[in-house]
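The values are calculated or read from the model by the stated rules, or taken from the named source; none is laboratory data. All values derive from a computational prediction rather than experimental measurement. No Cβ is skipped: glycine too gets one built from the backbone with ideal geometry, and neighbour counts run over all protein chains shown.
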Amino acid sequence: MAQPQPPADHPPIDWNNWSPPGEGDVRSPCPCINALANHNILPHNGKHITKEMAVTALKSAVNLGSGTANVFAAAGIDANPEPNAHTFDLNHVAKHNFIEHDVSLTRQDIALGNNCDFDKEVWKGVWDVYVNEVPVGGDKVTSWHSASKARYQRLLSSKKAHEEVGKEWHYGIKEVVLSYGESALLLNVLGKDGIAPLEWVRVLVEEERLPHREGWRPPTSEISQTMMHKAMFKLIAANEHKAEEAKIAGLGTFQIMREVVEGFVKFPGSCSVM
């Protein structure tokens, strides 16, 4: 399922120039951003990244729209604990409830452990749903349904884990948007219309490498905020438990949750890319 080549105005990238982080390198809670550093599209040490560097990397590597890329880059700089900073390190992005959020598909919740590094057990729960939802004899790909189901199961496991150790768990409108946005970004970067090969998903998440050698190519269509929001609402529509999720989020009904999400994502500074 190879995608077309990226737009001609994107600079060439040596996708074979990849290596995992070494001693002293830092990474974020986001596999896609980490992959850009591992591919040396961002500084490999993950440090001193300017807004311009982040925007250029996101646009050239995965064709993320300028608006979305600028929101992320600005949020990264704002997460820098140093006042009046003009750069950020990737680990700054782990600042809780800023861009990073509980109910991550690949990271532990902050109250329960390390919210920055990849967590095999958390991911296994998500991955198992992706795999088990593939029809017998069907292509090993994602769908809106499987991605939505995996995300919701992760929500329930997060809630249960907090309850078991007596930790406070918060899941409100911001977490709803970030949670759906995380899955929307994954599907938009790796596939189209909710369909992406499971192997590409595994490579990006587990190896933090963009699966170029497996056949992936950067999307030809820019991943705009509009595209992200459409994917989010496709995932919401595919959620068989959206009414229950609305109650969990303290929003009462699904209709109210949908209206609040619509209002939230229309705000120019909202970030829904992780």
**Report entry** Segments classed as helices (runs of 4 or more DSSP H), wholly inside segment 177-274, with at least 3 members that are in contact with a Gly (Cβ under 7 Å, 6 or more places away or on another chain)
**Finding:** 225-238
Query raised in the report: Any idea how many residues of segment 124-169 are closer than 21 Å to LYS192 by Cβ, part of a loop (DSSP other than H, G, I, E, B) and either under 18 Å from the mean Cα position of the chain (by Cα) or in contact (Cβ under 8 Å) with a residue 60 or more places away in the chain (or both)?
Result: 3
**Report entry** Qualifying positions in segment 195-231 - surrounded by fewer than 22 Cβ atoms within 10 Å (Cβ to Cβ), closer than 23 Å to ARG27 by Cα and among the aliphatic types (A, V, I, L, M)
**Finding:** VAL203, VAL205
Requested in this report: Examine segment 207-221 for a residue that is touching a Ser or Thr at 6+ places or on another chain (Cβ under 6 Å), at pLDDT 95 or above and of a type in the set (A, V, I, L, M, F, W, C), and state whether such a residue exists.
Outcome: no
Requested in this report: Taking LYS174 as the residue in question, decide whether it is in a helix (DSSP H, G or I), within 16 Å of the chain's Cα centre (by Cα) and touching a residue at least 24 places away in the same chain (Cβ under 8 Å).
Outcome: yes
Query - Residues that are farther than 19 Å from ASP14 by Cβ and either in contact (Cβ under 8 Å) with a residue 24 or more places away in the chain or within 17 Å of the chain's Cα centre (by Cα) (or both), drawn from segment 51-65 - result: LYS51, ALA54, VAL55, LEU64, GLY65
Requested in this report: Inspect all residues belonging to segment 155-175 and state whether any of them is touching a helix residue (DSSP H, G or I) at 6+ places or on another chain (Cβ under 7 Å), crowded, with 20+ Cβ neighbours inside 10 Å and polar (S, T, N, Q).
Outcome: no
